[in-house]
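Peer 1: A single structure is presented below for examination.
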Amino acid sequence: AGRIAVVRENAGVIAYLTGNWKEALSELRTARRIGGGPGLLPLMADCQRGLHRPEKAIEMMETDYVKQLSPEDFNEFIIVIAGAHSDLGEYEKAKDVLEKGDLDPDRVGSQAARLYYAYADVLLSLKEEQAAKEWFERAHLADENQETDAADRLAELTEKE
């Protein structure tokens, strides 16, 4: 079973979900080596963040695998990379990275909500409160399954006014 990509991927995802970043990264790297493809890149980058190595996550933006990501995986990946920049206090770079994603305000669903939320959060870090409020509202409207706390964040910003 150790040579079957899906087994290693599942082991990596389980380790990831339990916060065992080192094991997750090892298993996900092995799964990618065996099976090929870029699909695990967002999780691997997030493992680097979990290991307090945001610079390593950011370096992954330069790999050839990024060009092979599906639009959904690309959006997930840039959310992680923006988070790595934020970990380093590089909010302007985080904003630039997120602006490479599909920020079409008419999109709905979990993917759109997560991207809008990340963008709003970075805008808030940059003290762009009005723009952040607009993007938290978009995240709330796009979040059909209420997976984010965009409504709460929006309410907090509105109370400040």
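The values are calculated or read from the model by the stated rules, or taken from the named source; none is laboratory data. As the structure is a computational prediction, the values presented were derived from the model and not from experiment. Note: ideal-geometry Cβ built from the backbone for every residue, glycine included; neighbour counts use all protein chains shown. With ligands, DNA and RNA removed, areas are computed over all heavy atoms of the protein, side chains included. Shrake-Rupley method; radii C 1.70, N 1.55, O 1.52, S 1.80 Å.
Peer 1: Kindly provide the set of residues from the range 50-75 that are more than 11 Å from the chain's Cα centre (by Cα), charged (D, E, K, R) and either part of a loop (DSSP other than H, G, I, E, B) or under 22 Å from Glu27 (Cα atoms) (or both), ordered by number.
Peer 2: Correct list: Arg53, Glu55, Lys56, Glu59, Glu62, Asp64.
Peer 1: Could you check, for the range 37-49, whether at least one of its residues is open to solvent by 50 Å² or more (accessible area, probe 1.4 Å), part of a helix (DSSP H, G or I), modelled with pLDDT of 90 or more and more than 20 Å from Ala84 (Cα to Cα)? Can you show your working first?
Peer 2: The initial filter retains those residues of the range 37-49 that are open to solvent by 50 Å² or more (accessible area, probe 1.4 Å), namely 49.
Of the ones still in play, those that are also part of a helix (DSSP H, G or I) are 49.
Next cut, modelled with pLDDT of 90 or more only: 49.
Now narrow it down to the ones that are more than 20 Å from Ala84 (Cα to Cα): none.
No, every residue in the range 37-49 fails to be open to solvent by 50 Å² or more (accessible area, probe 1.4 Å), part of a helix (DSSP H, G or I), modelled with pLDDT of 90 or more and more than 20 Å from Ala84 (Cα to Cα).
Peer 1: How about the range 98-122: which of its residues are open to solvent by less than 10 Å² (accessible area, probe 1.4 Å) and closer than 16 Å to Met61 by Cα?
Peer 2: Residue satisfying the conditions is Leu98 alone.
Peer 1: In the range 76-91, which residues are part of a helix (DSSP H, G or I), open to solvent by 10 Å² or more (accessible area, probe 1.4 Å) and not small (Gly, Ala, Ser)?
Peer 2: Glu76, Ile79, Val80, His85, Asp87, Tyr91 - these are the residues of the range 76-91 that are part of a helix (DSSP H, G or I), open to solvent by 10 Å² or more (accessible area, probe 1.4 Å) and not small (Gly, Ala, Ser).
Peer 1: Hey, another quick one. Mind listing just one residue for me: the one in the range 126-148 that is over 12 Å from Ser110 (Cα atoms) and not in a helix (DSSP H, G or I) and, of those, most open to solvent (accessible area, probe 1.4 Å)?
Peer 2: My answer is Lys127.
Peer 1: With respect to Gly12, determine if the residue is part of a loop (DSSP other than H, G, I, E, B), without any contact (Cβ under 8 Å) to a residue 40 or more places away in the chain and more than 30 Å from Glu134 (Cβ to Cβ).
Peer 2: no
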